[in-house]
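What follows is a short report on a single structure.
All of the numbers you see were taken from the coordinates with simple rules; none came from a lab. Bear in mind the structure is a predicted one, so any value in this text is a computation, not a measurement. Here Cβ is always computed from backbone atoms with ideal geometry, including for glycine, and neighbour counts include all displayed protein chains.
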Amino acid sequence: MILRMVRFRPNVAALILKPGGQLLICERFTVPGAWQFPQGGVDDGESLVEALHREVREEVGLEAGHYEILQQREGYRYLYPEGVRMKKLKKHGSHGQEQTYFLCRLKPGAPEVNVNQKGREFRAYRWIDPGEFDLDWLPAFKRIVYREVMRDFFGVEL
């Protein structure tokens, strides 16, 4: 019997707060009503912090100097659903993602978020209190991770 090892793609996600404590969420461009945090895969040779800065710049137009990293937690994992897993396995060589979350705070004078970036991933954004996050905005396979993240960073039980 051959055992197949499950491979997780390294991924970073940004929990970006306004100074008043409101949290940035973004609506996926291709899936209306699906809201999430800016996030993406870590490229070969890239550190987690470098990946964070690149993804935030590419997805919401904020440069590294516009926010500060307050906290970092890793080890959040999810598997892609069966229908998606084979495509992702071919594309990235992974069965799921292992995420590192960064809690960030905007600095005074930071520009507005701009989701109208080249290779657009989001159609809209908004600022919410962490307790307003709704797990129904997510596909089922991501809900456990988001529940853990909201509890770990904000003490919010979803």
Next on the checklist: Give the residue list of trypsin sites (Lys or Arg not before Pro) in the range 1-49 that are DSSP loop and have at most 11 other beta-carbon atoms within 10 angstrom.
Outcome noted: ARG4
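Which percent, nearest 5, of DSSP beta bridges in the chain are antiparallel?
Here the share of antiparallel DSSP bridges comes out near 70 percent.
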Checklist outcome for this item: In deg cm²/dmol, rounded to the nearest 500, the helical mean residue ellipticity at 222 nm of the chain, built from -39500 (n - 2.57) for every DSSP H run of length 4 or more, is -7000 deg cm²/dmol
Checklist outcome for this item: Expected sort for SER94, SER47 with the fewest Cβ neighbours (10 Å cutoff) up front is SER47, SER94
Checklist entry - Cα convex hull of the range 62-109: how many Å³ per residue? => result 102
Checklist outcome for this item: Partner lysines whose C-alpha sits under 16 Å from that of LYS142, ignoring same-chain residues fewer than 8 away, are LYS88
Next on the checklist: Whole percent per 5 Å bin, from 0 to the bin with the longest distance: what is P(r) over all C-alpha pairs of the chain?
Outcome noted: 2, 9, 17, 22, 23, 15, 7, 3, 1, 1, 0, 0
Checklist outcome for this item: If unit charges are put on Cβ atoms (+1 for Lys and Arg, -1 for Asp and Glu) and the dipole of the range 8-152 is taken about its Cα centre, the option from PRO19, GLY65, PHE102 lying farthest towards the positive end turns out to be PHE102
Checklist entry - To the nearest 20 debye, what charge dipole does the chain have about its Cα centre, counting +1 at the Cβ of each Lys and Arg and -1 at the Cβ of each Asp and Glu? => result 600
Checklist entry - Projected onto the charge dipole of the chain (+1 at Lys/Arg Cβ, -1 at Asp/Glu Cβ, origin at the Cα centre), which of TYR125, PHE154, VAL42 gives the Cα projection farthest towards the positive end? => result VAL42
Checklist entry - Taking GluC sites (Glu not before Pro) as exposed when DSSP calls them loop (any state but H, G, I, E, B) and at most 16 other Cβ atoms lie within 10 Å, what is the longest stretch of the chain free of them, the sites themselves excluded? => result 64-111
